[in-house]
């Protein structure tokens, strides 16, 4: 977990100087408000920020702005794709 200036991110992966943030939340209906910290991180990190991922308990896999909504059941495939 990273906490910076009141901003909390559950997972932050450094990929050669680029930063990939991820949130992990126990919600089945994620919405734009749930992505608040990911948006703020992107604003602070600027060009270093890669697309964010929001893992949740619901069935929806989609994109909202520059964040991917990913069901927890797809975490293995998603994380494996980060290394490519």
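Since every read-out is calculated from the coordinates, none of them should be taken as a lab result. Predicted, not measured: the structure shown is a model, and the values here were computed from it. Here the Cβ positions follow ideal geometry from the backbone for every residue, glycine too, while neighbour counts run over all protein chains shown.
Descriptive notes on the structure:
- Of 19, 44, 69, the one that fluctuates the most in a GNM where the chain has Cα springs shorter than 10 Å: 44
- At 1.306 mPa s and 10 °C, Stokes D of the chain from Kirkwood alpha-carbon radius, µm² per second: 123
- Full-stretch length increase - residue 28, residue 79 - with 0.36 nm per residue and alpha-carbon distance subtracted: 16.4 nm
- Inter-label distance for residue 72 and residue 10, nm, one decimal - labels placed 7 Å from Cα along Cα-to-Cβ: 0.8
- Share antiparallel - DSSP beta bridges, segment 2-82, percent rounded to 5: 55
- Relative contact order (percent, whole number), the chain, Cα cutoff 8 Å, 6+ residue spacing: 23
- Within a Gaussian network of the chain (alpha carbon springs, distance under 10 Å), most fluctuating of 16, 31, 46: 16
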